[in-house]
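Enquirer: I'd like to ask you about the structure that follows.
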Amino acid sequence: MKRLQSLSSGDFLKFFFALLSLTFLLSSLCMPDRMDMINGLIQIISCPCKAPTNYFAIGGYAATFLNMGLVALVFLGLIMVYKEVPSNVTCFGMLLTIGFSSWGINVVNMWPSVLGVMIYGMVRKNKSVSLINMMLFSTGIAPMMSDLMLRYPNNEVVGFNVRGIVIALLAGLVIAVILQPGLVNSPKVHKGFDLYSAALPIGMTAFLLNACLYRTMGISVPAGYDASLLTVSSTMIVNIFCIVLFGGCVVLSLCMGASCKEYVDVLGNKNTHESNALFLLRFGIYGLFILGYYNLIGATFNGVTFGIIFCMVCGFSLNAHPGNVWPIMLGYVVASYVFGSVSSVLGGNFSYVISAQAIVIGVCFASGLCPIVNKYGWLAGCVGAMLHYMIVTTVPDVHGAFCLYNGGFTAALICILYIPVLENMCEKK
């Protein structure tokens, strides 16, 4: 334990990524459908995956865990090859990418954008930019890469073909060219109030490519999978895995010397130095908190919900925690009941209850607005979440549902509208 505690932050993050990868890979061997794991992975790779796609239904439980573990292992390998020292942003991107690997990213469709970043790095030779972080965030548009390689410009799947692969690789280069300056300038747009900062350049790139490859060309955007596939789920598998993983990290952190006082200081923004033990403690507690919320609202634990637990817990590396995220969750709950009641009075056909899949995904990325809570208080965060709730389901029309960062992109749009109002009306909490 002392050896783990004494590791540098970069080396500890490598250990953490290896631990996550191994956990997913070993779990795939424990799934009830493990005998069909390879066939399931082939199904995941060879099918379109417009967001949200339930990999539990497409490939099965074992194949989904295998895919998540392999994606994590590939990026850990890239970190080692590029000899980069991972940072908190790398941790954020890794957990986010792992989360997407159960409903949009697979070990094949991630490569066009990753290769695009590699080529960009070789041409630019810019050592000040983390290529690994760029590779991780570039995968947010992986569903479009699948569509381009498997069926573009058709509506039906024709399989991998040379033309589609070439177009996907060219699109990957476009992503790389836009992403680097986008990552640098995105915080200036939302003023640091959206933790999912990469969502803005990725969302705008998806918007551009959707317009260029589909709308402008007069090619219809293929439909996603039937919503009935989202019903394939397992509350038991998801809960057992998450309790073991997050609970195990809490126990390990306590064995390494983490204390409750340190964690309370984090909640009060009083902690100035984070140990490796505290890192694990924050990860474990926040993960259990998120799992508890989704159980409380009665979410369906399909591949999408399973993935967004990790898409949400990634925020802990950028100081998201239960103390500044609960107002966001409250805002979503209040919005659901308020708009549901108003809709019934107006005779509308309201379907976005708090446990609806789109809303379950939405609150995950609305949590990226927690810096609003830190500066302006819980009520401002609650209102921001209600605004996010209102528009998150309409934004996919802009990018054709090809962008996995839809909720983070929505959060950036909310910041553009909402933060100037807060700055004008509120000087402090």
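Enquirer: Within the set of pairs 6 or more residues apart or between chains, which connect a residue that is under 19 Å from VAL373 (Cβ atoms) and basic (Lys, Arg) inside region 385-398 to a residue that is open to solvent by 60 Å² or more (accessible area, probe 1.4 Å) and outside any helix (DSSP H, G or I) with Cβ atoms less than 6 Å apart?
Expert: Qualifying pairs under 6 Å: none.
Enquirer: Can you say whether TYR225 is touching a residue at least 40 places away in the same chain (Cβ under 8 Å) and either in contact with a Gly (Cβ under 7 Å, 6 or more places away or on another chain) or not hydrophobic (A, V, I, L, M, F, W, C) (or both), as far as the supplied structure shows?
Expert: For TYR225, the condition - touching a residue at least 40 places away in the same chain (Cβ under 8 Å) and either in contact with a Gly (Cβ under 7 Å, 6 or more places away or on another chain) or not hydrophobic (A, V, I, L, M, F, W, C) (or both) - is met.
Enquirer: Listed residues ASN239, ASN133, ASN185, ASN161; which is in contact (Cβ under 8 Å) with a residue 40 or more places away in the chain and either over 30 Å from THR300 (Cα atoms) or open to solvent by 50 Å² or more (accessible area, probe 1.4 Å) (or both)?
Expert: None of the other options fit; the residue is ASN133.
Enquirer: Related question: Could you count how many residues in region 383-418 are buried (at least 22 other Cβ atoms within 10 Å of the Cβ) and either aromatic (Phe, Trp, Tyr) or within 19 Å of VAL338 (Cβ to Cβ) (or both)?
Expert: So the count comes out to 10.
Enquirer: Taking interchain pairs and intrachain pairs at least six residues apart, which have beta carbon atoms under 7 angstrom, with the first residue in region 188-217 and among the basic types (Lys, Arg) and the second buried (at least 18 other Cβ atoms within 10 Å of the Cβ)?
Expert: Within 7 Å, the pairs are LYS191/CYS415; LYS191/ILE419.
Enquirer: Which condition number in (1) modelled with pLDDT of 95 or more; (2) open to solvent by 40 Å² or more (accessible area, probe 1.4 Å) is the one that SER344 fails?
Expert: Single failed check for SER344: (1).
Enquirer: Quick one: is SER233 buried (at least 16 other Cβ atoms within 10 Å of the Cβ) and touching a Ser or Thr at 6+ places or on another chain (Cβ under 8 Å)?
Expert: In short, yes.
Enquirer: Can you name the residue in region 24-48 that is of a type outside the set (Gly, Ala, Ser) and touching a Phe, Trp or Tyr at 6+ places or on another chain (Cβ under 6 Å) and, of all such residues, is farthest from VAL232 (Cα to Cα)?
Expert: This residue is PHE24.
Residue-by-condition table, conditions (1) open to solvent by 10 Å² or more (accessible area, probe 1.4 Å); (2) without any contact (Cβ under 8 Å) to a residue 24 or more places away in the chain:
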residue: VAL107; (1), (2): yes, no
residue: ILE119; (1), (2): yes, no
residue: LYS125; (1), (2): yes, yes
residue: THR139; (1), (2): no, no
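Enquirer: Here is a further query. Take VAL177 and tell me if it is under 20 Å from the mean Cα position of the chain (by Cα), open to solvent by 40 Å² or more (accessible area, probe 1.4 Å) and over 30 Å from PHE56 (Cβ atoms).
Expert: no
Enquirer: Among the helices (runs of 4 or more DSSP H) lying completely within region 1-86, list those that include at least 1 residues that are over 25 Å from VAL250 (Cβ atoms), open to solvent by 40 Å² or more (accessible area, probe 1.4 Å) and modelled with pLDDT of 95 or more.
Expert: 37-45, 61-82
Enquirer: So, restricting to helices (runs of 4 or more DSSP H) that lie completely within region 259-338, which ones have at least 3 residues that are under 16 Å from GLY247 (Cα atoms) and acidic (Asp, Glu)?
Expert: It comes to none.
Enquirer: Restricting to region 353-377, name every residue that is outside any helix (DSSP H, G or I) and under 16 Å from TYR294 (Cβ atoms).
Expert: VAL353, ILE354, SER355, ALA356
Enquirer: Report whether or not THR300 is over 24 Å from the mean Cα position of the chain (by Cα), open to solvent by 10 Å² or more (accessible area, probe 1.4 Å) and either polar (S, T, N, Q) or at pLDDT 95 or above (or both).
Expert: Against the criterion (over 24 Å from the mean Cα position of the chain (by Cα), open to solvent by 10 Å² or more (accessible area, probe 1.4 Å) and either polar (S, T, N, Q) or at pLDDT 95 or above (or both)), THR300 does not qualify.
Enquirer: Which pairs turn up if I take residues in region 247-265 that are over 18 Å from LEU4 (Cα atoms) and look for partners that are open to solvent by 40 Å² or more (accessible area, probe 1.4 Å) with beta carbon separation below 6 Å, at least 6 apart in sequence or on another chain?
Expert: ASP265/ASN271
Enquirer: Then there's this: Is it the case that some residue within region 351-364 is surrounded by fewer than 24 Cβ atoms within 10 Å (Cβ to Cβ), more than 23 Å from the chain's Cα centre (by Cα) and at pLDDT below 95?
Expert: Yes, region 351-364 has at least one match.
Enquirer: Another one. Report the residue count in region 242-297 for those that are surrounded by fewer than 15 Cβ atoms within 10 Å (Cβ to Cβ) and hydroxyl-bearing (Ser, Thr, Tyr).
Expert: So the count comes out to 2.
Enquirer: Now, a different point. What are the residues in region 196-208 that are crowded, with 24+ Cβ neighbours inside 10 Å and not β-branched (Val, Ile, Thr), if any?
Expert: TYR196, SER197, ALA198, ALA199, LEU200, PRO201, GLY203, ALA206
The values are calculated or read from the model by the stated rules, or taken from the named source; none is laboratory data. Computed from a predicted structure; not experimentally measured. Because the Cβ atoms are built from the backbone with ideal geometry, glycine has one as well, and the counts that use them run over all protein chains shown. Only protein heavy atoms, including side chains, enter the accessible area calculation; ligands, DNA and RNA are left aside. Shrake-Rupley method; radii C 1.70, N 1.55, O 1.52, S 1.80 Å.
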